[in-house]
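The values are calculated or read from the model by the stated rules, or taken from the named source; none is laboratory data. From a predicted model like this one, the values you see are computed outputs, not experimental measurements. Note that each Cβ is placed from the backbone with ideal geometry, even for glycine, and that neighbours are counted across all protein chains shown. Just so you know, the surface numbers come from the protein's heavy atoms only, side chains and all, with ligands and any DNA or RNA stripped out. Shrake-Rupley method; radii C 1.70, N 1.55, O 1.52, S 1.80 Å.
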Amino acid sequence: MMLKYVNTGIVFQEIPDEVTLAINISGCPCHCPGCHSHYLWEDIGLPLNTDAIDAFVNQYGRNITCIAFMGGDGDPKGVDMLAQYIHEEHPQYKVAWYSGRLRITSAVNKSDFDYIKIGPYIKHLGPLKQPTTNQRLYRQNDTGEFEDITSRFWRK
Amino acid sequence: MEIKNFTITKRDGTKDQFSLDKIMNAIVKAFESVSEPADLGIVSKILNHLDMHDDITVEEIQNQVEEALMREGYYNVAKSFILYRQLHSEDRDTLEKMMFLSEYTESVNAATGSKYDANANVEHKNIATLIGELPKSNFIRLNRRLLTDRIKKMYGKPLADEYIDKLTHHFIYKNDETSLANYCASITMYPWLINGTTEIGGNSTAPTNLKSFAGGFVNMVFMVSSMLSGACATPEFLMYMNYFIGKEYGLDYWKHPEQQADLSLKKRTIDKVITDYFEQIVYTLNQPTGARNYQAVFWNVAYYDKYYFQSIFGEFYFPDGSQPDWEGLSWLQKRFMKWFNKERTKTMLTFPVETMALLVDENGECKDKEWGDFTAEMYSEGHSFFTYMSDNADSLSSCCRLRNEITDNGFSYTLGAGGVSTGSKSVLTINLNRCIQYAVNHKIDYLEYLSGIIDLCHKVQLAYNENLKELQSRGMLPLFDAGYINIGRQYLTIGINGLVEAAEFMGLKITPNDDYLHFVQGILGLIEKYNKQYRTKDVMFNCEMIPAENVGVKHAKWDREDGYFVPRDCYNSYFYVVEDDSLTIIDKFKLHGAPYIEHLTGGSALHMNLEEHLSKEQYLQLLKVAAKEGCNYFTFNIPNTVCNECGHIDKRYLHECPHCHSTNVDYMTRIIGYLKRVSNFSQARQEEASRRYYAHAN
């Protein structure tokens, strides 16, 4: 299945300290009960490929610091390929992935991502903002290790 | 006179069946009042002169009766009739005022109750605000008369008539017509530093120490503000304060603020002494003011990075021959911002409106990294203030809206620093939505039609300027004479309103696109062309997108009533549609970027509405975005939550009080330049605030 995206947005809360272009990818296979983005379950939208990435880069230039793939669990290798492409062709950006899976498949090279969020949305445990959440956001640090920064969402 | 069934228009605008009896009665009464006999023959002779038509107004009928009486030679009766009419019209005036009085006292808040000049800057309505409201209609009449008389003298009666016609048909709007004073000013405090307030009618001598500075400053700002109808900016406030603190505790006081400063039992530290003065000044200036209809003074201050400071005050000398000390000022600016931000969680403090002036390099990086970082830090801590960015210290915005070109960075021993003095003498606003729709509907090229309107505005402004000069020549404007305001550095401002709405009427998409940009540049470029054409060595014009706190509401209402296309109840004060949630933050910066604001010489502040506070790193990136897009003037606006039950103030946008968990909460937001409780805005403006799109942070 080809990756497709429905819309994009400039977001601030998803990835701490970054100004992020979030790309909402459709065809999500996770189907979490209580999902906030039901419309992303369908296989709809425009093709998400390197041309689409170039168009975003052209549009936003240096105004953004990070590109985030929201979903794409139907084709994890496709997401990885795009992450790799961004790091090679547009090294000024960080790359993030919001996955609904419990773990990242071994077919994916995690080091292609600067941020990875994992975990399905489980209603009674709540979203990232709740300290009870099952979801985790990791940041790759200078030594290439992934550091759990979920607690950044709990400040205040 | 032919008697048939037709209607007349009564004074309140309603229609009524025409009644011959009523007219006959009035005529008979007029005769009786001077004991002249009036038989049916005489009355019908007079009636014969009357020329009635459908929808004739009561005033017109009475005019005709007057003339008819005179034509028939009943001069005594005519005189009595005229006097009778005058008496009634005076009665009606009083009656109207009484009606207003009762309506005002029953209205929800002061801004909604205000008939002529709704302003949110009044917290409560009471007898003091009522006293301010009552004479407003008289001021409007007086101002129009003063202006049209002058226009007649300078350009002839047709232009004066044209002005009134365009004004009453809402093609243009005269701002602040309810006040006699010139509009707003960024003042130099140097004359006060040298002479105290005696020259402007006060009784205090020049400040000599920190205590007399703090007390005198407050009095001076009150005095200056009472002679202005709008804002008063004191861009030198902290610089002078730093000078006096230095005199008291040594120039390096900021290196040891924890040192004990007084011998009282309280053993106050230097820091405590300083913040106590902050408290005294800020709280006093936020008080409702008697001379300003119970509004607080619209006080503005400025902060500078090192480069701005050097360019504006590099040549400045204090009376003791010393120069301003950057290191001390830098510390004091930060201290004030931190203190003010914290104080705002205790009390709702509207003033001062603060503007940070930052110089950026060609890559959009702040030249003074320390101050760029600090700006982002303060935003991330929830402080609400404006930022003015420029790649050249040739312009500055020290007021909540007004931007000025600095032509004179010099220093004079009588006037102080040249760069801080600016302001707007008067604002005359063009209702672009109506003008453009009118032109298009009448198959006129809209730019050609606008040219006529813009030209008219410039002439009217020049007439205003002559009136102001006359007031000055009679000694009525001591702020100018004493040098607080430099009349030559004051602008005559052409305001614009309804730009986005006009573009929507033209079928344009309000996004960063070439067609919309072309439309914006066409209009603003035209205004700038006239601004330059009318500029002389004595007068300067600028163009400003006015904040339209109440004008935007009025224009929308009037235009809708007259059948124009009106897409919202309050015209925008931005280049984008405020409730459009498809625009990203970056789009909004683009729409207030260099290509759009290029000709907007008087400035327009982008109010970037966010639902949640961002991190320091994110604000730093947005400062870069602003610099890169050339958006030179902006603020971030996150509604603060005020609990109506327990009074707790939270910097976040919440639906429930985190302290007492009440859901009876109100919000403080920056709808115009000022941070105020949403419930203090006029009804129409409150609706705008609730519709306003706060960019979702997730």
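Here the protein assembly as shown carries DSSP beta bridges of which approximately 45% are antiparallel, counting only pairs with both residues inside.
First check a/c for the range B:244-341, with a ≥ b ≥ c the square roots of the eigenvalues of its C-alpha gyration tensor; if it is under 1.5, answer rounded, and if not, answer prolate when a/b is larger than b/c or oblate otherwise. Judged from the Cα gyration tensor, the range B:244-341 comes out oblate (a/c at least 1.5, b/c at or above a/b). Among DSSP bridges having both ends in the range A:1-152, what percentage is antiparallel? Round to the nearest 5. Expressed as a percentage, antiparallel bridges in the range A:1-152 total about 55. For B:R268, the shell of other residues with beta-carbons less than 9 Å away shows a net charge of 0, using +1 for Lys and Arg and -1 for Asp and Glu. I'd like to know which of B:I200, B:Y667, B:V108 lies farthest towards the positive end of the charge dipole of the protein assembly as shown, counting +1 on Cβ of Lys and Arg and -1 on Cβ of Asp and Glu. Among B:I200, B:Y667, B:V108, the one farthest towards the positive end of the dipole of the protein assembly as shown is B:I200. Relative contact order for the range B:553-596: 31 percent, from Cα pairs under 8 Å spaced at least 6 residues apart, divided by residue count. Accessible area per residue for chain B is 41 Å², calculated with a 1.4 Å probe on protein heavy atoms, without ligands, DNA or RNA.
The accessible-area loss of the range A:3-17 on complex formation, taken against its chain alone with a 1.4 Å probe, reaches 50 Å² or more at A:I10, A:F12, A:Q13, A:D17. Each of B:K367 and B:N203 was given a label point 7 Å from its Cα along the Cα-to-Cβ line. The distance between the two points is 4.7 nm. For the chain pair B and A, buried accessible area totals roughly 1600 Å², probe 1.4 Å, rounded to the nearest 100.
Share of carbon and sulfur in the accessible area of the range B:490-582 stands at 48%, probe radius 1.4 Å. Near B:Q533, within a Cβ-to-Cβ distance under 13 Å, what is the net charge of the other residues, with Lys and Arg +1 and Asp and Glu -1? Net of charged neighbours comes to +2. The accessible-area loss of the range A:24-63 on complex formation, taken against its chain alone with a 1.4 Å probe, reaches 50 Å² or more at A:N63. Here the 3J(HN,Hα) profile of the range B:255-272, calculated from phi with Karplus coefficients 6.51, -1.76 and 1.60 at θ = phi - 60°, is 7, 9, x, 7, 5, 5, 10, 10, 9, 5, 5, 6, 6, 5, 7, 4, 4, 5 Hz, Gly and Pro shown as x.
Put a plus charge on the Cβ of each Lys and Arg, a minus charge on the Cβ of each Asp and Glu, and nothing anywhere else: the dipole of chain B about its Cα centre is then about 980 debye.
For the range A:54-156, GluC sites (Glu not before Pro) are listed when DSSP marks them as loop and at most 16 other Cβ atoms sit within 10 Å of their Cβ; the list is A:E145. The dipole here belongs to the range B:419-554: it is taken about the Cα centre, uses +1 on the Cβ of Lys and Arg and -1 on the Cβ of Asp and Glu, and is about 340 debye.
Might you report the magnitude of the Cβ-based charge dipole of chain A about its Cα centre, with Lys and Arg at +1 and Asp and Glu at -1, to the nearest 20 debye? The dipole magnitude comes to about 720 debye.
Going from the isolated chain to the complete set of protein chains, the range B:558-600 loses at least 40 Å² of heavy-atom accessible area (1.4 Å probe) at B:T584, B:I586.
Between the helical axis of B:210-226 and the longest alpha-carbon principal axis of chain B there is an angle of about 20 degrees. How charged is the neighbourhood of A:L102? Take every other residue with its Cβ under 14 Å from the Cβ of A:L102, and add Lys/Arg as +1 and Asp/Glu as -1. Here the charged neighbours net out to +3. Between B:S322 and B:M24, the FRET efficiency from the beta-carbon distance, with R0 = 60 Å, is close to 0.10.
For the range B:1-91, the relative contact order is 32 percent, taking Cα pairs closer than 8 Å that sit 6 or more residues apart in sequence and dividing their mean separation by the residue count. Pairs of Cα atoms nearer than 8 Å and 6+ residues apart set the relative contact order; for chain A it is 19 percent. Taking every protein chain into account, the 1.4 Å probe leaves B:R141 with about 130 Å² of accessible area, to the nearest ten. When both bridge partners sit in chain B, DSSP labels roughly 45% of those beta bridges antiparallel. Note on chain A: with neighbouring protein chains present and a 1.4 Å probe, carbon and sulfur make up 50 percent of its accessible heavy-atom surface.
Any chance you could give the angle, 0 to 90 degrees and rounded to 10, that helix B:75-106 forms with the longest Cα principal axis of chain B? The two axes meet at around 40 degrees. Is the shape of the range B:496-547 rounded, prolate or oblate, going by the alpha carbon gyration tensor and its root eigenvalues a ≥ b ≥ c, with a/c under 1.5 for rounded and a/b larger than b/c for prolate? Prolate. Per the 1.4 Å probe, what fraction of the accessible area of the range B:216-283, in percent, lies on carbon and sulfur atoms? Solvent-exposed carbon and sulfur of the range B:216-283 make up 54 percent of the total. Please name whichever of B:G507, B:H655, B:L447 sits farthest to the positive end of the charge dipole of the protein assembly as shown, dipole taken about the Cα centre and charges placed at Cβ: Lys and Arg +1, Asp and Glu -1. Checked the options; the winner is B:H655. Please calculate the 1.4 Å probe accessible area of B:K346, with all protein chains present, and give it to the nearest 10 Å². Probe radius 1.4 Å; accessible area of B:K346 about 130 Å². Nearest 10 degrees, 0 to 90: what angle lies between the long axis of helix B:369-380 and the longest principal axis of chain B (Cα atoms)? Taking Cα atoms only, the helix is inclined about 60 degrees. Computed with a 1.4 Å probe over protein heavy atoms only, the accessible area of B:S582 comes to about 80 Å². Which whole-number percent of Cα pairs in chain B have a distance greater than 45 Å? Looking at chain B, the distances longer than 45 Å represent 27 percent of pairs.
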